[in-house]
Amino acid sequence: MNIIISGYGKMGKMVETEALKAGDSIVAKIDSKEDWAKYDFEAMVIQGNVAAIDFSTPQSVVANIEECFKRNIPIVVGTTGWYDEKERLQELCQSKNQSMFWASNFSIGVFLFNKMNIWLAKLMNSYSQYSPSMSETHHVHKIDAPSGTAITLAENLIANYDGKTKWQLGESSDKDTLCINAIRQGEVCGIHEIKYESPFDEITIRHEAKTRAGFALGAVIAAHWLSNKKGFFTMSDMLDQVSETI
């Protein structure tokens, strides 16, 4: 496959490594708006089997997605912190018959962790003495907080747990609010914890990423999966073989 790397930072370089391991070719590296004029994308699209993988910044990802839509280039998006535009871009993708794969986290482990999160939230509805909270820990270079993964986990918890109706970064005295604590520490790849606490005990589920290479590999797999598909897709679409109804 021919891969366009959109955002050639730490994650972009990891995508390059994993793509080359998979036998793919890196045909373009985009690090600024001007870079879109440096390559013959029309020829790439005509040749076929091309996709962009974006791990850029919240400030540039929306423009990168729109540039891909203009050129009929399928795009896999792993950048977080731009979700106020997500609904609009999803509608644009579908109306323009484009191809986009979005995930707040490309780790299969995180996907399964979220399934546990949903199951536990449903279970805990019967035990009102427990109250949930969340925490996420990432490296000091991460720009957005809470993480995109934490937001996804929180939204799924709220959708399945009757005692919370919204989430908030930091502490809150509002009983309807799910509190998320965001910690920035060293070079931590990503730790997410969900805790249910009662006056007597606590229940915690936790996921820790050992390396960011797993995210890069997941994005490369998603790019291959997206080939010849039209529409807006997520990890649930790609991993439906393990997405049985809970």
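What the table below lists for this structure:
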item	result
Dipole axis of the range 1-98 (+1 Lys, Arg; -1 Asp, Glu on Cβ), positive-most option in ILE5, TRP36, VAL77	ILE5
Alpha-carbon spread of the chain, three principal axes, descending order, Å	64, 37, 30
Two-site label geometry, GLU34 and ILE46: point separation in nm, points 7 Å out along Cα→Cβ	2.8 nm
Computed over the chain: relative contact order in percent, which uses C-alpha pairs under 8 Å that are six or more apart	22 percent
Cross-link reach list, lysines versus LYS70, counting only Cα pairs under 18 Å and skipping chain neighbours closer than eight places	LYS29, LYS33, LYS38, LYS86, LYS96, LYS229, LYS230
Selection of chymotrypsin sites (Phe, Trp or Tyr not before Pro), the range 23-129, meeting DSSP coil and at most 16 other Cβ within 10 Å	TYR39, TYR127
Loop trypsin sites (Lys or Arg not before Pro), the range 154-192 (other Cβ atoms within 10 Å of the site Cβ: 15 or fewer; DSSP)	LYS175
Loop-located GluC sites (Glu not before Pro) in the range 46-127 whose Cβ has at most 11 other Cβ within 10 Å (DSSP)	none
0 to 90° range, to nearest 10: angle between helix 86-95 axis and the chain longest Cα axis	40 degrees
Percent RCO, i.e. relative contact order, over the range 100-246, from Cα pairs under 8 Å lying at least 6 residues apart	32 percent
For the chain: accessible area per residue (Å², 1.4 Å)	49 Å²
Cβ-placed point charges (K, R +1; D, E -1), dipole of the chain about Cα centre in debye, nearest 20	360 debye
Of all accessible heavy-atom area on the chain, the percent that carbon and sulfur account for (1.4 Å)	51 percent
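The values are calculated or read from the model by the stated rules, or taken from the named source; none is laboratory data. It should be emphasised that the depicted structure is a prediction, and the values quoted were computed from it without experimental measurement. Methodologically, a virtual Cβ is constructed for each residue, glycine included, from the backbone with ideal geometry; neighbour enumeration extends over all protein chains shown. All accessible areas refer to the heavy atoms of the entire protein, side chains included, with ligands and DNA or RNA removed. Shrake-Rupley method; radii C 1.70, N 1.55, O 1.52, S 1.80 Å.
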